[in-house]
Amino acid sequence: MEAELENLRKIVVKKKIRSFVIVLAIEFVLSFAIFGFDLSFFPIYIFMFFIPLFVSSFAGRKEYVELVEKFKMNVVHSIMKSVLGNDTIFEFNKGIPKSTIDDTGMMDTGDSFLYNSNDYCKGSYQGVKFEFSDVLIQEEHTDSEGDSHTVTLFRGQWYIFDFNKRFKAPLQVCEKHFGANRTGFIFSKNRQHKVKMEDVSFNKEFTVYAKDDHDAFYVLTPNTMERIKEVNRQVPGKLLFCFKDNILHIGVNNSNDLFELNIYKKIDLNKSGEEIKRQLEAILKFVNILNLSNDLFIMEGGD
């Protein structure tokens with residue numbers, strides 16, 4: 001498998017380099033014919049350099065798609081099963097639905113927002129059912145002059161853990177300084193009021209929203225808050241927690257995509273395997289540190 005993947009990688013890189021060189025050579029000939037070696041046109045020469053880069057990004061597309069599919073389905077999925085169990089499902093072209101994140105009320109992903117999700121994984125670890133995927137949420141902004149630009153609001157992973165009991169009421173926990181633009185974005189639906197916890201250091205790291213203070217204090221016990229702070233220390237990125245019905249959502253805004261393949265590095269399945277295992281550690285940490293298998297966060301009773 002390693003030799004097959006490496007051969008595909010070389011084909012992709014070769015086609016990209018070839019297309020880049022060809023387009024650059026054509027540009028050089030045309031620019032010399034039109035401008036000569038007039039340095040006053042230097043800014044134009046710099047701009048022209050990006051055209052072959054753009055063209056080469058499409059070269060070898062067929063082989064690249066084949067390379068990614070084989071890497072993810074034969075390597076990534078195999079390692080997932082070895083770490084998380086043989087029942088683990090992985091679909092790299094699928095992701096967590098937009099409606100699922102909408103339902104938490106944690107983030108606004110309305111019509112004006114761009115949403116994308118892939119690398120979907122579903123399984124169980126220590127009896128705790130989970131699913132997760134990469135998630136990208138962006139918003140298109142148009143300035144007063146009519147120019148539009150894209151702002152990334154969330155890029156990272158969204159994890160979902162199932163429980164056998166229901167939370168008594170929704171509870172939301174957001175790490176401080178999560179995103180620069182909160183208006184119409186964070187806690188946009190089912191808005192609740194802030195709850196100040198007794199743990200001073202926890203209040204410095206997180207903001208808690210609940211419908212009732214008692215619900216927040218019941219779920220976020222001193223032990224629970226210590227565990228959340230420990231997760232924050234061990235899992236890179238800004239964290240969101242949403243406790244709703246019988247589900248715990250955890251959003252990790254770390255500006256990273258999981259299981260991506262660098263085509264400009266030689267295929268080394270041993271190194272790739274170690275990196276994939278490292279990326280899967282978040283699941284293990286959430287379950288182990290938060291002690292999810294012992295129903296740590298569950299409130300007795302229901303609505």
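Table: residues versus (1) among the aliphatic types (A, V, I, L, M); (2) part of a helix (DSSP H, G or I).
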residue	(1), (2)
232	no, yes
260	no, no
272	no, yes
282	yes, yes
I want to confirm something. Restricting to segment 68-112 and keeping residues that are within 27 Å of residue 142 (Cα to Cα) and touching a helix residue (DSSP H, G or I) at 6+ places or on another chain (Cβ under 9 Å), which single residue is surrounded by the fewest Cβ atoms within 10 Å (Cβ to Cβ)? 110
Can you tell me which residue in segment 221-277 is farthest from residue 173 (Cα to Cα), limited to those that are touching a strand residue (DSSP E or B) at 6+ places or on another chain (Cβ under 9 Å) and polar (S, T, N, Q)? 256
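Restrict the check to segment 65-82 and report whether at least one residue is at positive phi and among the small types (Gly, Ala, Ser).
No: zero hits.
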If we scan segment 130-141, do we find a residue that is of a type outside the set (S, T, N, Q), outside any helix (DSSP H, G or I), loosely packed, with under 12 Cβ neighbours inside 10 Å and at negative phi? yes
Being touching a Phe, Trp or Tyr at 6+ places or on another chain (Cβ under 7 Å) and closer than 23 Å to residue 128 by Cβ narrows it down to one of 235, 219, so name that one. 219
Options 201, 255; residue that is small (Gly, Ala, Ser) and at positive phi: 255
Here is a list of conditions, (1) modelled with pLDDT under 90; (2) in contact with a Ser or Thr (Cβ under 6 Å, 6 or more places away or on another chain), and residue 103 meets all of them except one; can you say which number that is? (2)
Those residues of segment 226-253 which are without any contact (Cβ under 8 Å) to a residue 60 or more places away in the chain and closer than 14 Å to residue 158 by Cα amount to 235, 236
Given the options 19, 40, 31, name the one that is surrounded by 16 or more Cβ atoms within 10 Å (Cβ to Cβ), modelled with pLDDT under 80 and outside any loop (DSSP other than H, G, I, E, B). 31
Would you pick out the residues in segment 206-226 that are buried (at least 19 other Cβ atoms within 10 Å of the Cβ) and either hydrophobic (A, V, I, L, M, F, W, C) or assigned to a helix (DSSP H, G or I) (or both)? 206, 208, 210, 215, 216, 219, 220, 225
Quick one: is residue 210 modelled with pLDDT of 75 or more and either among the polar types (S, T, N, Q) or more than 21 Å from residue 117 (Cβ to Cβ) (or both)? yes
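The values are calculated or read from the model by the stated rules, or taken from the named source; none is laboratory data. Computed from a predicted structure; not experimentally measured. Glycine also receives a Cβ, built like all others from the backbone with ideal geometry; neighbour counts cover every protein chain displayed.
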